[in-house]
Amino acid sequence: MKVIMLGAPGAGKGTQAKRLAAEYNIPHISTGDIFRANIKGGTELGKKAKGYMDAGQLVPDELVCDLVVDRISQDDAKNGYVLDGFPRTIPQAEALDAALAAKGENVDYAVNIDVPDEAIISRMSGRRACVGCGATYHIIFNAPKVADVCDVCGSKLIIRDDDKPETVRNRLSVYHAQTQPLIDYYDAKGLVVNIDGTKDMDAVFAEILEKIGK
Ligand code: AP5
């Protein structure tokens, strides 16, 4: 099963992608997580990506496409994967299609989680992320057992640098200009599954499973 998660920043792609990956026992591949790990590790890729991410801009396609094509060729991805945050532009989608076509494969579903912009801005201000394992929480909708401490690994929870309201607004406008056109791109291939992302997390997950089959 090869699934792409579409949706605005904060729509709940990461939350649902982790659950789907566990359900189907396939890897969850998040380009945002890969970049954040590289920033934390001080790598060349991390240094190049940081400025774009902090400004709410997309990292250039040439820094993303090869990285993802390489990742989905690894052994643990041979039965499929959930791609979260990629593709994000038409050229990225074309690069993915070309890499898959070369192996006689294709994407099975593009799950589009729909949440209006106003709901996103209030959601993002409550997000907390673990500095250790990357787990994500929300101070109201998915609170950790102890405030600011990760349930999974005990590390500190922080507000992501790009979750400041002005950066979120910028990320939303970048999303509408550059990523939203992917809905039409995958719709033309008959792969889009539209999901109401305003419901609670369990209801959103149930709707996804119902629409893509358990
Ligand atoms: P990335 O990490 O991919 O960020 P994003 O797409 O902006 O998405 P988010 O992680 O912010 O949100 P999400 O939809 O996963 O929501 P979540 O589940 O956390 O990318 C970051 C940056 O990296 C980009 O801006 C770009 O610079 C760069 N980048 C990454 N990939 C790239 C690419 N392919 N090309 C170029 N640049 C790239 O949920 C959000 C919050 O809401 C959480 O607190 C969660 O607990 C809560 N929540 C989730 N679901 C619900 C619900 N149903 N009800 C209530 N609360 C909910």
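Observations
- Sulfur and carbon atoms: percent of accessible area, segment 5-70 [1.4 Å]: 54
- For the chain, share of DSSP beta bridges that run antiparallel, in % to the nearest 5: 30
- Modelled FRET efficiency - R0 30 Å, V69 with K189, Cβ distances, 0.05 increments: 0.95
- Solvent-accessible surface of the chain, taken per residue with a 1.4 Å probe and all protein chains present: 49 Å².
- Near-label residues of segment 25-44 by backbone N, under 19 Å of a point 7 Å along Cα→Cβ of A77: 25-39
- I158 paired with E94, simple spin-label distance in nm, labels 7 Å along Cα-to-beta-carbon: 3.7
- Given their separation in residues at 0.36 nm each and the Cα-Cα distance between them, D54 and N170 gain 40.7 nm when the chain is fully extended.
- For V193, distant residues with modelled amide H under 5 Å away: A110, V111, N112
- Residue-by-residue Karplus 3J(HN,Hα) for segment 19-33, coefficients 6.51, -1.76, 1.60, Hz, glycine and proline x: 5, 5, 4, 5, 4, 9, 6, 10, x, 9, 10, 10, 5, x, 5
- Alpha carbon centroid spacing (whole Å) that separates segment 142-203 from segment 63-110: 20
- Cβ-Cβ distance of D196 and T43, R₀ of 41 Å, FRET efficiency by 1/(1 + (r/R0)^6): the value works out to about 0.60.
- Couplings for segment 128-138, taken from phi via the Karplus curve 6.51 cos²θ - 1.76 cosθ + 1.60 with θ = phi - 60°, read 10, 10, 7, 6, x, 10, x, 4, 10, 10, 9 Hz in order; Gly and Pro are left as x.
- Summed over qualifying helices (DSSP H, 4 residues or more, each -39500 (n - 2.57)) and divided by its residue number, the chain shows a 222 nm mean residue ellipticity of -13000 deg cm²/dmol.
- Taking a point 7 Å out from the Cα of V131 in the direction of its Cβ, the residues of segment 162-197 whose backbone N falls within less than 16 Å of it are 162.
The values are calculated or read from the model by the stated rules, or taken from the named source; none is laboratory data. These numbers were taken from a predicted model, which means no experiment stands behind them. Note that each Cβ is placed from the backbone with ideal geometry, even for glycine, and that neighbours are counted across all protein chains shown. Ligands, DNA and RNA are excluded from the accessible area calculation, which covers all protein heavy atoms including side chains. Shrake-Rupley method; radii C 1.70, N 1.55, O 1.52, S 1.80 Å.
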